[in-house]
1. If residue B:489 passes every condition in (1) closer than 27 Å to residue B:542 by Cα; (2) within 16 Å of the chain's Cα centre (by Cα) but one, which one does it miss?
2. Would you be able to tell me the number of residues in the range A:255-293 that are under 19 Å from residue A:320 (Cα atoms), part of a loop (DSSP other than H, G, I, E, B) and within 13 Å of another protein chain (Cβ to nearest Cβ)?
3. Of all residues in the range B:345-384, count the ones that are farther than 17 Å from residue B:398 by Cβ and of a type in the set (Val, Ile, Thr).
4. Give the range B:510-567 a look and list any residue that's hydrophobic (A, V, I, L, M, F, W, C), without any contact (Cβ under 8 Å) to a residue 12 or more places away in the chain and open to solvent by less than 20 Å² (accessible area, probe 1.4 Å), or say none.
5. Given the criteria more than 30 Å from residue A:462 (Cβ to Cβ), within 14 Å of another protein chain (Cβ to nearest Cβ) and modelled with pLDDT of 95 or more, does residue A:615 qualify?
6. Looking at (1) among the aliphatic types (A, V, I, L, M); (2) open to solvent by less than 10 Å² (accessible area, probe 1.4 Å); (3) at the interface with chain A (Cβ under 10 Å from one of its Cβ atoms), find the lone condition where residue B:500 falls short.
7. Filter the range B:68-90 down to the residues that are assigned to a helix (DSSP H, G or I) and in contact with a Ser or Thr (Cβ under 9 Å, 6 or more places away or on another chain) and list them by number.
8. Of everything in the range B:503-528, what is within 14 Å of chain A (Cβ to nearest Cβ) and part of a loop (DSSP other than H, G, I, E, B)? Give them in sequence order.
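The values are calculated or read from the model by the stated rules, or taken from the named source; none is laboratory data. As the structure is a prediction and not an experimental result, all values here were calculated from the model. For neighbour counting, all protein chains shown are included, and Cβ atoms are generated from backbone atoms with ideal geometry for every residue, glycine included. Surface areas here come from the heavy atoms of the whole protein model, side chains and all, with no ligands, DNA or RNA. Shrake-Rupley method; radii C 1.70, N 1.55, O 1.52, S 1.80 Å.
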Amino acid sequence: MAFATLISPSYALAATLIPRAFWTLLRDHVFTSAGSDCSVVLGWAACLAVEMRSFIASVLLLVFSVSEVASLWPIPRSLSTGSTALKLSPTFDININVKNAPSDLVSAVARSKSYIQTDKMQRLVVGRGSGDESAVQQAHQLGSLALSLAPGAEVKPIAQEAIVPLGSRREEYVLHVPADGSAATLTANSTLGLLRGLTTFEQLWYDLDGQATYTIEAPISVTDSPAYPFRGFMLDTARNFFSVSDIKRTLDAMSWSKINQFHWHVVDSQSFPLQIPGFMDISAKGAYSSSMVYTPEDVQDIVTYAGERGIDVLIEIDTPGHTAIIHQAYPEHVACFEGSPWAVFANEPPAGQLRFASSNTTNFTTELLVAVAKMFPSSLISTGGDELNTECYADDAETQQILNSTGSTLEELLSTFTQTTHGALQDLGKTTVVWEEMVLDFNVTLANDTVVMVWISSEDAAAVAEKGFRLVHAPSDYFYLDCGAGEWLGSDPDAPGKRQDGVFSQAEWSWLMSCLQSYTFDPLANISEAQQYLVLGGQQLLWTEQSGPENLDSIAWPRAASSAEVFWTGATFPDGSPRNVTGALPRLHDLRFRMVQRGVNAIPLQPLWCALRPSLCNLNS
Amino acid sequence: MSALIAKMLTSLFTLFAIPSFVAALWPMPRALSTGSTALKLSSDFVIHLEVQNSPNDLQSAISAVYTQLHNDTLQRLVVGRAAADSVAIARASELRFLTISLTGHAVVRSIEQEAVEPYGSRSESYSLNIPHDGTTATLTANSTLGLFRGLTTFSQMWYSSSSGKYILDAPVSIADEPAFPHRGLSFDTARNFFPVEDILRTLDGMSWLNTLYWHVADSQSFPLEVPAFPELAEKGAYSETERYSAADVQRIVSYANERGIDVIMELDSPGHTTGIAFAYPEHIACANKSPWATYASEPPAGQLRIASNATLAFARELFASVAGMMPGTMMSSGGDEVNLPCWEDDEETIQDLSINNITIADALNQFIQEVQNVLHQAGKTPFIKSDMILTHNVPVTNDTIAVVWQSSADATSMAERGQRFIHQPSDYFYLDCGAGEWLGNDVLGNSWCDPFKTWQRAYSFDPFANLSASQQQLVLGGQMPIWSEQTSPENLDPIVWPRLASGAEVFWTGATLPDGSPRLGANATSGTQAFARINEMRYRMVDRGIRAIALQPHWCVLRAGECDLDA
C-alpha cells in the first residue's frame, strides 16, 4: 500500500497506526455507505476520475475518494476519516497531559480553544451545512482532547523546538478523534509536534448556525509529518514598511498552514528599518522615518511570537548589493551611490553597493552581520548575495585602486569578503544562507553546509544540486507573489502587466492561477535521486515595491499557502494518488474562508457560487 | 467649455512661464494658477456659508471638510517630510476664512437633487481663489454640486505639520469643470457580496467620480430585494445576510447623491440572469446546463426565456419595480454576452419561437424594445452594453447610452452608428484583469483580459482616439469596472484604489493640462508629473482609511522622478 512509503519507519508512533488507519478506511468507505451528502461525493469522484487513467486507480478512487477532510490544509501525510457526525460538548476542553507543560504550549492550547469557539466557519456546500442538522442533533459529543508526549520525550517550549537546526525539528504528530464521543488524543515527540496537531484539530470543526461545532467525518485518524523541513514565507520590509502587528498577523496566518520559516528580508537599498546595537546610525539615517523602525525589542517580540507558533526567523541582511541606504550613515562603505542612470548600476533605484574589495568595508560588514546574528536565536542567517552589479565598481576609484594594488580580481575579492563574513557567522554557530548567484554566477568559496536559495528560475535548482549544496526553492516563475502588477517605475508609457527587468517578463500576476501554478511545483524536478536529499523545501516570497500594509493580506493569502502544502504533504495525497489541483481547490477555499473568519483579508479565489460547488466551475464542467 | 473657463485660461497662460502644479490635486483642475508663497490654515479657520436656506447635505459637506482638515495627517511627500518646509511654514500668513456662495440667481437645491440631474443640466463647475496674504478665500459655483466639488479640491490641498495645515503655492486660483459628464465605477456585487459599509467607503473614495454603476445581480446570486418579487433575493441571495433591502438601497443612494454621485442600477439581461432561476426557474433557459462553456461565458449557464410571453411580462414588471426604487434618470438593462445556443437548445424557447413564428433575433429585438419601453415609462434613459448593438444589431432608442466594453476599438464602430456612449474598454479599464484564471483545474490559465491594467495604462486612455470631430460629442465619458469573481470585501480597496483615480482624471481633466500642454504628453506618467500626484492621492486615501495599494517603494515617492525608467 502507498501508506507504507508515506511514513518514515523511524516514527514508531506512526508505524503502529498505519494498519488501523487503513482498516478504518475500509470499514467506513467500503463496507458501509458513504456520507449523507451524496452529491458532493459524486462530484468529487466525477472530477477526480478525469485524472485517473488506470483500472487500479479507479478502484483506489472508490476506496479513498471521500477520505479527505475538506477542511485540512496542508493535507496530512496519512489520514483516515469516517462519515459519522460528531459535535463538541458544551464543556469540551483540551487537557495537557504533559508534565511541566511550557507556557507557550499552554498558550497554544488556549488559542486553539479560542479558534474553535470563534471561527464560526460554515461548511462550504450549498445550504452551508443546514442539511447536516439532523445528523448533528443525534451526534455523539466529544468531551475532550488529550495532549501527550511520547514516552521519554523531553519537554521543551515550542519556541525552543522551532529553532533547532533544519532536519532535527520534530513536527510529527498523531491525532485520533473517535466517532463515539470518547476522548480524542493527540500525541507527538515534541511540543512542536503537538502544536502542529492542534493546528490540524482546529481546522476540523464547522459551525451549524451557532447551535453546534461539528464534523461529519468522524472517526478521524491522522498520522502526520512534513515532507520537507523548510517551509517558508519571505517578506520584504524595506521597499515599503510593515508594522510589527502586520508581521505578527502574517505569522499567525503562516502557522495556520504549518509554515515553519519566516525569511525576513529586513533591509534593502531603499530603507534600513532594523535597529542594530552598535550600528544605530544606519537605521537612524536610513529608515523611512523614526517610527518606521524595528527596535531590538520589536525583534525580540517578533522572534518570540514566531517561535511560539512553531516558526523560526531567518534574518537576511542582503550583501554586498541592495545596500545603497547604508551610505546615509557610512558613505565610505558604499560604491556608486545613487549612480545615474540607475539602470546601469542596479536592478532598481537607488544604485549603491558595499565596497567589498575594501578590507575596511569587509570588517564593517562582518561586525554588522555578527551584531545582527546575535539578535536572532535561529541557527540560520542569510547574507543575501543577489543581483550584484559589477558595473558599480568599474567607475569606483577606490575599488579600482585596490584591484590594481593587490592584483586581485573582483571575484577573488568577493570570495574573500564572503569567506570573512561567513567565517564570523559560522564561529557563532550559524549556518549561512545565500541567493543562488553566489554559487552559480561567481566562483566564491562557501562552506559545505551553506543553504542556497534558488530564485531566478526553477530550472536553476538542478545546477545548485549538482554543486552539492543544500537548496531552498524560491523560484520567481512559481513562487513570487508580487509578479504581474505592472511596472512601478515612472514614465513607462504603457506600463503593461509585466516587470521591466526581464527576469519576470514571463510571470503574470496571478491569484488562483498562481495558487494553482505554485501548487503544481515539483520540488524534485530534474534533480537526480542521489541529490534529492539536498532539497530542504521552499517558500513563497513577497517583494514589496507595490505592496504595503494595505494589501499585505490580500496579496499574500491564501496564495502563500500553496507552497505550504507542496512542502508539507509532498508528492502524494494520503490516498496514494499524486497531489493534484482538483483535490486541492476545495480545501484551499476552506482555508481562505477560515482565514477571513480569523481576521486575515485573504482574497476570494472564485465567486462564492463556485466555492459552494467546487466541481461546477472547472474549465470543462 | 464655459465662458468662465475660457476667460480664466487666457488670463492664466501668461502666468505659466514656469511649470506649476499643486502636487496635491487629483484630478488636475481645468484651469489653475499657483504662486510660490506658503500659507497656513489658521487654528480658528472658519468656512462661511453665504447661501440662503442652505440644504442639509451642503452643511454636512462643510462639516466633513472640517473633520478632514482636523484628522488628516498627510505630510508633504518629500525627503524630510514636513520638516523640510518648517522655515516657510513659520513665515506663512494665516488663512482664516473661506466664504462659499452661489453665483447670480442660482436656485438653491440640495447636492442630492443636483447630483441626479440629467447630463446637460448638471452643473459641476466651480471657482476657487485662495490669496497668499491671508485674506479671505472664496469658493463660488452655479450649484451646490459645484460647491461640493470645490470643497473637495479645497480639502485636498493641505499638508500636515506640527504647526498646522499649510500649502506652499499660494495664491491659488482654480476655475474648474469636468471635461465629460459621466465618470464612474461599475461595481459587481453578485459574484461575491459586499456589505453596505464597503459600498459607502468606496463612495467616499470616489470624490471626483460622479457615477456608481451598480451591477447588482448576475447568474451567481441575486442579492437585490425587489419589491415586486421578494422571492428573488430570498432564494437567490448567497444568504439571508447577503442581501440589499430597499432600505439598504435607499441608504446607498442617499449617501452617494449627497456626495455628488448618481447611482445607475444595472439589471443585466437577458444573459447573466441565472440568479433569477433560484426563485423563478420557469423564466430561465439552459439554467445550470453543462458543459457551461457551451452556454455561457462563465458558470453557471442560464438566460431569460426571451421568447416566452410569461417571461416578457415578468421582465416588464421586474424592470418597472427596480426602476421605481431609484431616484436617478438613468438605468441599465445590461445586455452583454448573450449566448445563442442557450436558446437554440431550449425546448420551451423552440416551442415559443415556433408558436409565434419568429426567430431568436426577432425575440431578442422584442425583448430589448419592451425593456426600453418600461425604462422610458419610468422616466429613465436606458443604458445598454455595446455587444447588443454591435454584435446582435438590436435596434435601440436614440437616447440610449451604450457601454462600450469589449475593446477600445469598438468606440469607432459605435460612433459610426451615431449612438451616444461611454467608454469601459476591457483593454484599458478593467480593474480585475491579470489575476489569473479563476476557473478550477486551469493551472496555467490567464484572465481573459490579461494583463493587469496598471494605473498608467488606464491613464493613457484617449477618449477621442480615432473619432472624428463630429463624433466626439457622442462620448459622454467613461467608467472603470470591478468584476468580483476574485474580489470581495477583503481586497476591495487594494484592487480598486488608487487605480480608479486614473479614470477620474481621464474624464475630468480631459485632453489638456491647465498649462495648455497635452495630458498625455511624453512624460505623462513621470514621477515628476502625474505619478507624483497620484502617489499623493494614494497616501491621502490611506490617511483617510482606504487601503489603497502602494504604487512604488516609499523611497521613490519621496523623490519624484528618481525612479523613472531613465532616471
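1. (2)
2. The number of residues fulfilling the criteria is 8.
3. So the answer is 7.
4. B:555 - this is the single residue of the range B:510-567 that is hydrophobic (A, V, I, L, M, F, W, C), without any contact (Cβ under 8 Å) to a residue 12 or more places away in the chain and open to solvent by less than 20 Å² (accessible area, probe 1.4 Å).
5. On the way: more than 30 Å from residue A:462 (Cβ to Cβ): yes; within 14 Å of another protein chain (Cβ to nearest Cβ): yes; modelled with pLDDT of 95 or more: no.
Spelling it out, it is not the case that residue A:615 is more than 30 Å from residue A:462 (Cβ to Cβ), within 14 Å of another protein chain (Cβ to nearest Cβ) and modelled with pLDDT of 95 or more.
6. Status for residue B:500: all satisfied but (3).
7. B:68, B:69, B:81, B:82, B:83, B:85, B:86, B:88, B:89, B:90
8. Narrowing the range B:503-528 to residues within 14 Å of chain A (Cβ to nearest Cβ): B:518-528.
Within the range B:503-528, B:519, B:520, B:521, B:522, B:523, B:524, B:525, B:526, B:527, B:528 qualify.
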